[in-house]
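One structure is given below, encoded as structure tokens.
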Amino acid sequence: SILSNKIKYNFSMKWKPITSVDQISSLIKESNSNSNLGVLILKHSTRCSVSFFAKKNLESSWNISDEKLPTYYLDLIRYRDVSDQLAEIFEVRHESPQLLLINNGHCSYSAAHSEISAEAVESQIATS
């Protein structure tokens, strides 16, 4: 059957909320840690169906431990000022939904809308 061929994923995403601009400096510091692959930030609109499905698809196929790649979640509706700061600091155009991979204080990968996928993140990590 189709279900028996489905890949089983072992890790769930342990989202940590980003709620203030003050957290950005600690995210940058965490992205410099040799013990992980950087940090992942999902900028998500709680009012957008595209954003909802991008988040759901990412979560359903995630296969990286939180210890290796901590995951952060930004509610764009409530914290637009934080999103604007992230765009400025990491030199990325604001999009929603948007996924940012931060390594050594820099955005090494950015994806938006239907480009957001666990496979793309894994591929990016493998080449860096």
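Mean residue ellipticity at 222 nm from the helices of the chain, using -39,500 (n - 2.57) per DSSP H segment of n ≥ 4 over the full residue count, to the nearest 500 deg cm²/dmol? Could you put the intermediate results ahead of the total?
Details: 4 runs with 42 residues, N = 128.
Helix-only estimate at 222 nm: -10000 deg cm²/dmol.
How many Å² of accessible area per residue for the stretch 34-106, probe 1.4 Å?
I get 49 Å² per residue for this part.
How large, in percent, is the carbon and sulfur part of the accessible surface of the chain at a probe radius of 1.4 Å?
Carbon plus sulfur share of accessible area: 50 percent.
Taking 25 Å as R0, compute the FRET efficiency from the Cβ-Cβ separation of residue 34 and residue 77 and round it to 0.05. Mind dumping the intermediate values first?
Numbers: r = 35 Å, r/R0 = 1.41.
Calculated value: 0.10.
On alpha carbon coordinates alone, what is the Rg over Rh value for the stretch 41-92, Rh being the Kirkwood radius? Each step should come with its number before you reach the end.
Working: Rg = 12.2 Å, Rh = 12.2 Å.
Radius of gyration over Kirkwood radius for the stretch 41-92 works out to 1.00.
Place the peptides 91-97, 81-87 in order of packing, highest mean first, counting for every residue the other Cβ atoms within 10 Å and averaging per peptide. Working shown, then result.
Values: 91-97: 15.1, 81-87: 17.7.
So the peptides 91-97, 81-87, ranked by packing, come out 81-87, 91-97.
So if I place +1 on the C-beta of Lys and Arg and -1 on the C-beta of Asp and Glu, and nothing else carries charge, what would the dipole magnitude of the stretch 1-100 be about its Cα centre? I want it in debye, nearest 20.
About 480 debye.
Based on the Cβ-Cβ distance of residue 19 and residue 92, what FRET efficiency does E = 1/(1 + (r/R0)^6) give at R0 = 25 Å, to the nearest 0.05? Please list the in-between numbers first.
On the way: r = 20 Å, r/R0 = 0.80.
Using R0 = 25 Å, I get an efficiency of 0.80.
Provide the per-residue ³J(HN,Hα) series for the stretch 97-107, in order, calculated from phi with Karplus coefficients 6.51, -1.76, 1.60 and θ = phi - 60°, each as a whole number of Hz, with x at glycine and proline positions.
Ordered by residue, 3J(HN,Hα) equals x, 8, 10, 10, 9, 10, 10, 6, x, 10, 7 Hz.
Report the one residue of 23, 72, 82 whose Cα lies farthest in the direction of the positive end of the charge dipole of the chain (charges on C-beta: Lys and Arg +1, Asp and Glu -1; origin at the Cα centre).
So the residue furthest toward the plus end is 72.
Taking just the alpha-carbon atoms of the chain, what radius of gyration and Dmax come out, in angstrom?
In order Rg, Dmax, the Cα atoms of the chain give 14.3, 50 Å.
The values are calculated or read from the model by the stated rules, or taken from the named source; none is laboratory data. Just so you know, these numbers come straight off a predicted model, no measurement behind them. All Cβ positions, even for glycine, are placed from backbone atoms using ideal geometry, and neighbour counts span all protein chains on display. Remember, those area values only see protein heavy atoms, side chains included, never the ligands or the DNA or RNA. Shrake-Rupley method; radii C 1.70, N 1.55, O 1.52, S 1.80 Å.
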